[in-house]
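The values are calculated or read from the model by the stated rules, or taken from the named source; none is laboratory data. None of the values given here were measured: they were computed from a predicted structure. Because the Cβ atoms are built from the backbone with ideal geometry, glycine has one as well, and the counts that use them run over all protein chains shown. Please note that ligands, DNA and RNA were not included when accessible areas were found on the heavy atoms of the full protein model with its side chains. Shrake-Rupley method; radii C 1.70, N 1.55, O 1.52, S 1.80 Å.
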Amino acid sequence: MLSDWLDLTLGGNAGAIRTGRLTTGSFDCQGPGILELTPEAPVSGAHACVISAGIHGNETAPIELVGELLARLEAGQLRLGAPLLVLLGNIPAIRHSQRFITTNLNRLFRHDLSLEGDEPERARELMASVDDFYQRHADLPRLHYDMHTAIRDSRYPRFVVEPFADSPSAPLQWQWLAAADMQAVLHQHQHSWTFSHYSKHYHGAQAFTLELGRVAPFGHNDMTALRPLRHLLETLLEGREPQRGDPARMAFFRVEQELMRHAEDFRLCFADDVANFTEFPPGSCLARDAVAGDCVVGEQPLAVVFPNAEVELGARAALLVRASETPSGETRC
Ligand SMILES: [Zn+2]
């Protein structure tokens, strides 16, 4: 039954299953796309784990990954050892294979959100479910992986975005993520109201956005490339200690600047299909904006991530990033 949860939710029959039992715990569907799994016997050292997918509706690989995990749990191939909250983000957008319906859900996760509409309402439901979950498991360390895929190719197909917040990321996370075959890490330089930022900023969770290859329709994702990540997630939901890899295997970057769109008359100076993390040398013109003028690379090269000239006025058209040092390998968690 649990393995039907995705199909029922996306088919509009989320109410068809409410609660049920697994060999090693139970599950509770708390609302459309909101599924909590509770172990019979939590393992010492387990985390309160939040796994989210489909915050952007056309990013299907993470949804397929969630489906694999639930099927393996139901089949008894995995033993539930940690409380786990599984969230499907923008259900109408997933049904329509669209990034969003009205507005980008992944900029709405803030307590002072005043917008009205379907996506803001969904953000409120998801925030409330995370608040409630972490509150009920207040004695456990908090973890949240929000899984996405990128619109374009990338020099590093699988990369981590570390949200900006006052609480630091545990160095152990870099070891886990390296073992999960993530290839790069991007440190955000300021608050950005994404879902992973929400869990980090408001709950002090170890929280990251994971970009897992390029957008593709259901059934066309390379799931074998995500096996090492699946292994990390399986280890966490079993409450076991994850494998560690060497963080030096990953490339680390820091956001230097956000390139904002100010004018109707705005264009990026490079090809539409340029890959994420493509580097531009000093003197390169990156954008022409009738209000803000040209954006030109200064004395140090800059790489471009998430470029999109079609954003609304006043919104971010690209992140400009620079390589940074590998964090120290200290292992506190
Ligand atoms: Zn996304």
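Under the condition of being among the basic types (Lys, Arg) and either within 16 Å of the ligand (Cβ to nearest atom) or assigned to a helix (DSSP H, G or I) (or both), which residue from the stretch 66-110 is farthest from Ser192 (Cα to Cα)?
Of all residues in the stretch 66-110, those among the basic types (Lys, Arg) come to 72, 79, 95, 99, 107, 110.
Next cut, either within 16 Å of the ligand (Cβ to nearest atom) or assigned to a helix (DSSP H, G or I) (or both) only: 72, 95, 99, 107.
On the way: Arg72: 34, Arg95: 27, Arg99: 18, Arg107: 7 Å.
Ranking the candidates gives Arg72 first.
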- Residue by residue through the stretch 11-31, note down the ones that are out of contact with any strand residue (DSSP E or B) (no Cβ under 8 Å at 6 or more places or on another chain) and among the aliphatic types (A, V, I, L, M). Ala16
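Would you call Ala53 open to solvent by less than 10 Å² (accessible area, probe 1.4 Å), within 14 Å of the ligand (Cβ to nearest atom) and over 20 Å from His144 (Cβ atoms)?
Values: open to solvent by less than 10 Å² (accessible area, probe 1.4 Å): yes; within 14 Å of the ligand (Cβ to nearest atom): yes; over 20 Å from His144 (Cβ atoms): no.
So Ala53 does not fit the description; no.
Mind checking which residues of the stretch 281-295 are in contact with a Cys (Cβ under 9 Å, 6 or more places away or on another chain) and either surrounded by 14 or more Cβ atoms within 10 Å (Cβ to Cβ) or at pLDDT below 95 (or both)? Please lay out each step first, then the result.
Looking only at the stretch 281-295, we keep the residues that are in contact with a Cys (Cβ under 9 Å, 6 or more places away or on another chain), and these are 284-289, 294-295.
Selection gives Ser284, Leu286, Ala287, Arg288, Asp289, Cys295.
Is there a residue being part of a loop (DSSP other than H, G, I, E, B) and among the aliphatic types (A, V, I, L, M) anywhere in the stretch 16-36? Please lay out each step first, then the result.
Filtering the stretch 16-36 for residues part of a loop (DSSP other than H, G, I, E, B) gives 17-18, 23-24, 32-33.
Now restrict to residues that are among the aliphatic types (A, V, I, L, M): 17.
Yes.
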- Failed item, numbered, when Met223 is tested on (1) under 19 Å from the mean Cα position of the chain (by Cα); (2) at pLDDT 95 or above; (3) open to solvent by less than 70 Å² (accessible area, probe 1.4 Å): (2)
- Message: Filter the stretch 126-176 down to the residues that are more than 24 Å from Ala318 (Cα to Cα) and within 16 Å of the ligand (Cβ to nearest atom) and list them by number.
- Response: Leu126, His144
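Here are some residues: Thr24, Thr19. Which one is away from the ligand (no atom under 16 Å from the Cβ), open to solvent by 10 Å² or more (accessible area, probe 1.4 Å) and in contact (Cβ under 8 Å) with a residue 24 or more places away in the chain? Quick ask: steps written out before the conclusion?
Numbers: Thr19 fails: in contact (Cβ under 8 Å) with a residue 24 or more places away in the chain.
Sole residue among the options that is away from the ligand (no atom under 16 Å from the Cβ), open to solvent by 10 Å² or more (accessible area, probe 1.4 Å) and in contact (Cβ under 8 Å) with a residue 24 or more places away in the chain: Thr24.
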